[in-house]
Structures are given as C-alpha cells and as structure tokens.
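Laboratory data are not the source of any read-out in this text; all were calculated from the coordinates shown. This one's a predicted model, so the numbers in the text were calculated from it and none came from an experiment. Glycine also receives a Cβ, built like all others from the backbone with ideal geometry; neighbour counts cover every protein chain displayed.
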Amino acid sequence: MRQDGPTPIVILTGAGISKESGLDTFRDADGIWAKVDLEDVATPQGFRRDPARVHAFYNHRRAGLTDPVIVPNAAHAAIARLQAEWPEEVMLVTQNIDDLHERGGSRDVLHMHGELLKARCGQCAGVSVWRDDLDLDSACPHCGTAGGMRPHVVWFGETPFYMAEVEAALQRCGLFISIGTSGNVYPAAGFVAQARMAGRAHTVELNLEPSEGASLFHECRHGPATEVVPAFVEELLGR
Ligand code: APR
C-alpha cells in the first residue's frame with residue numbers, strides 16, 4: 001500500500017459491507033434483484049404504476065432493517081474508527097440506504113441513494129424519519145398532506161444526493177477506498193476514475209471478489225468485508 005502520510009480519504013461503500021450483518025445485496029445470486037424486478041419497485045414509473053407494490057417492497061425491507069437481529073459488523077466499526085483517528089478528512093459516501101454506518105459509530109454519512117428509514121412528501125418535499133410501514137394514505141408530518149408520501153430513496157433515473165460534495169472530495173483526496181460494491185451502477189462506479197484523474201489518489205478496492213471496475217484500482221484486496229476492512233484500517237493507522 002503506497003501512502004505518503006496523512007491525506008484526505010474518500011470511502012465509498014455498497015451493499016457488500018452490510019451482507020455479513022444479514023442484509024441482502026442486489027446482484028449476488030441470492031440478491032434482491034434476483035427476487036423482484038427493479039423496474040417495478042425502484043423506478044418512478046414503477047411507483048406511478050403501482051404505489052402499493054412499491055410501499056410493500058420498502059416496508060418489507062424497513063421491517064427487516066429494524067429487526068434487532070440486524071446489527072453493524074466489524075467493517076462498519078473499522079470505518080468509524082478510521083474516521084475518528086485519521087488526522088485528515090475522511091468522507092464516507094454510501095450507496096446503502098441502511099443505517100448500519102451510523103449505528104456502527106460513523107458520523108456525516110452521505111447517503112447518495114437516500115435512506116430507508118426516511119420518507120419524503122410529494123407535496124412539500126419535507127423529509128421525515130420513518131421506521132414503520134408507509135402506505136397510500138400516510139400523512140406528511142410537516143404539512144399534514146395525506147397520500148403523497150414516498151420512500152426517501154433514489155430510484156433508477158433519479159439524481160443521487162451529494163454529488164457536488166463527493167466530486168470535490170474526489171479531486172482532493174490522496175486515498176480512495178471502495179468497499180462492497182459491484183461497480184455496476186453510476187455515478188458511484190465512476191468515482192475511482194474521477195479520483196485517479198485528479199492525479200494523486202491511491203485507489204483501493206476491498207470486496208469479496210473482483211468488481212466490474214477492479215482493473216481501475218491500484219490495489220485490490222478480496223475477502224469478506226469483516227476481514228479485509230479492519231485489516232486495511234489497522235495498516236493505515238499504523239497498528
Ligand atoms: N464482503 C465484501 N463484499 C461483499 C460481501 C462481503 N461479505 N458479500 C458480497 N460482497 C460484494 C459482492 O461481490 C458485490 O461485488 O458486494 C458487492 C455487492 O454488489 P451489488 O449487489 O451490486 O450492490 P451495490 O454495488 O451496492 O449496488 C449499487 O445498485 O441496485 C442499486 O441502488 C442499488 O445502491 C445499489 C446500487
């Protein structure tokens with residue numbers, strides 16, 4: 001691992017970091033998209049066509065996430081430790097809509113694909129914490145309008161959040177670490193190239209197996225996140 005001393009770090013995570021906590025990934029053989037068509041439940045068109053079906057899909061995932069058996073794992077804890085102990089900025093941007101990074105001790109988590117435990121009002125755009133079922137007549141806590149609530153999740157064809165902040169951080173980081181993502185979905189899949197184009201970033205993939213973009217990284221370490229992430233953080237922190 002080439003590291004010229006403390007430098008700003010950008011970390012990108014995907015569903016693979018939450019797999020060992022018991023949450024399904026999307027494109028593994030047993031993944032979410034093997035069981036349901038993303039066009040039906042993860043697009044604005046799907047929501048317009050059958051909102052009850054989309055609510056049922058996210059209600060099932062929300063109930064799963066709030067089950068006490070689902071807890072952060074050693075990879076989430078290692079990232080929180082790095083954020084706490086690294087002397088330079090550490091930006092954590094995640095494609096995940098779960099709250100395991102926060103529960104694992106991370107702060108300032110940028111959820112570029114939104115958050116499963118929040119809902120957004122189609123009338124006032126107010127975003128509210130939402131841990132129970134959301135349905136067709138749920139009322140907005142901000143404006144009181146009933147019937148216009150949706151999951152605060154970014155669907156295919158919609159614009160991810162925080163892109164300006166992430167792109168600026170990629171320009172100035174000296175280390176880009178991609179964890180638990182298949183590199184299939186843009187713009188996240190393009191972050192490694194953006195970090196490299198800026199000229200100074202060392203880029204590392206920590207994933208169970210080579211991702212679609214593995215050849216774009218200077219360094220790849222393959223294995224379960226709960227093994228490769230703590231080991232990498234230990235090395236970075238020098239102990
Ligand atoms: N440890 C590390 N990596 C793992 C583990 C594990 N225990 N288990 C699986 N992985 C890896 C897989 O090998 C795969 O490369 O995690 C990756 C998960 O890839 P995807 O299922 O495609 O999930 P992700 O990359 O996060 O998907 C990106 O696509 O469907 C959209 O919005 C959704 O945010 C999601 C986006």
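Projected area of the stretch 86-208, taken from the Cα convex hull and averaged over every viewing direction, in nm²?
Dividing the Cα hull surface by four gives the mean projection, 9.0 nm².
Using helices alone, I'd like the mean residue ellipticity at 222 nm for the chain: each DSSP H run of four-plus residues gives -39500 (n - 2.57), total over residue count, nearest 500.
On the way: 9 runs with 74 residues, N = 239.
Rounded to the nearest 500, the figure is -8500 deg cm²/dmol.
Please report, in whole Å, how far the alpha carbons of the stretch 1-122 spread along each principal axis, starting with the longest.
Answer, in whole Å and largest first: 53, 30, 25 Å.
Which are the unpartnered cysteines of the chain, meaning those with no other cysteine Cβ under 4.7 Å from their Cβ?
If one checks each Cβ against the other cysteines of the chain, Cys173, Cys220 turn up with nothing under 4.7 Å.
Determine the dipole magnitude for the stretch 1-132: charges of +1 sit on the beta-carbon of Lys and Arg, -1 on that of Asp and Glu, nothing else is charged, the reference point is the Cα centre, and the result goes in debye to the nearest 20.
Working: 15 positive and 19 negative charges, 72 e Å.
The calculated dipole for the stretch 1-132 is roughly 340 debye.
Helix 51-65 against the longest principal axis of the chain: what's the angle in degrees, Cα atoms only, rounded to the nearest 10?
The angle comes out near 50 degrees.
What relative contact order, as a whole-number percentage, does the stretch 72-227 give when Cα pairs under 8 Å and 6 or more residues apart are counted? Spell out each step's value before the answer.
Details: 271 pairs, mean separation 25.3, N = 156.
Relative contact order comes out at 16 percent.
Report, in whole Å, the centroid distance computed from the Cα atoms of the stretch 51-87 and the stretch 16-48.
So the two Cα centres are separated by 14 Å.
By how many degrees, between 0 and 90 and to the nearest 10, does the Cα long axis of helix 225-236 differ from the longest principal axis of the chain?
40 degrees
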